[in-house]
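For reference, the structure is listed below as structure tokens.
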Amino acid sequence: MMSESNEKVQLPAKPSKDSRTLMTQLIFPLDTNHHDTMFGGKLMEYMDKVAAISAMRHARMRVVTASTDSLDFLAPIHVGEVIEVEAFVTWTRRSSMEIYVSVNSENLYTGSRKTTVTAFFTFVALDENGKPAEISKVFPESELERQLHASAPARHELRKARKSDRTSKA
């Protein structure tokens, strides 16, 4: 956006909490493999959807997944358990956003809860022509948001190095 004086208009920053998205699912036999634990690919689909909603809430425009990293499966999810998939924007650049996604499972009979998966997704906001579009900066408020925001530039550099390494080998 340009003003009449050709100065760039600064978009107002938004808090991480405004992008927070939560999805709850009960895990059925069709969601699981032959070990009666949830298919990793099915869980990744849920995570990508929740991350996309979080990114759209922040950008208020179309977004696409640019990368997924640090996808760590910490514990299995069993038939009959409930999962909560939560996401929020941790850090932004001009048109890209890093989204932290965590999955917690709960045994509804015992009340036992555990973190089962965590990951970082990167999304890019797109304008009406499908080109990267400028987005608002994000600012953290909670302790977790501050920790993830502070460590995001290092993850960004690792993503850049990984991408550069792959393109140089092509």
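Among 129-139, 37-47, how do they line up from the highest to the lowest mean number of other beta-carbon atoms within 10 Å?
Those peptides, ordered most packed to least, come out 37-47, 129-139.
Would you calculate a helix-derived [θ] at 222 nm for the chain, using -39,500 (n - 2.57) for each DSSP H run of n ≥ 4 and dividing by the full residue count, to the nearest 500?
Calculated at 222 nm, the ellipticity per residue is -9500 deg cm²/dmol.
How much length is gained on full extension from residue 62 to residue 108, taking 0.36 nm per residue of separation minus their Cα-Cα distance?
12.9 nm
Run the count for the chain, please: Lys pairs, Cα-Cα under 24 angstrom, 8 or more apart or on different chains.
Going through the chain pair by pair, I get 19.
Show me, bin by bin at 10 Å from 0, the whole-percent P(r) of the chain based on Cα pairs.
Spelled out per bin, shortest first, that is 10, 34, 31, 19, 5, 2, 0.
Of all DSSP beta bridges located in the range 14-169, what percent are antiparallel, nearest 5?
Here the share of antiparallel DSSP bridges comes out near 95 percent.
Among 53, 112, 35, which residue has its Cα furthest toward the positive end of the charge dipole of the chain, with +1 on Lys/Arg Cβ and -1 on Asp/Glu Cβ?
53
For the pair residue 143 and residue 82, what calculated FRET efficiency results from E = 1/(1 + (r/R0)^6), where r is the Cβ-Cβ distance and R0 = 35 Å, to the nearest 0.05?
Working: r = 26 Å, r/R0 = 0.74.
Calculated value: 0.85.
Every read-out reported here was derived from the displayed coordinates using simple, explicitly stated rules and does not represent laboratory data. All figures in this text were calculated on a predicted structure; none of them were measured in a lab. Glycine also receives a Cβ, built like all others from the backbone with ideal geometry; neighbour counts cover every protein chain displayed.
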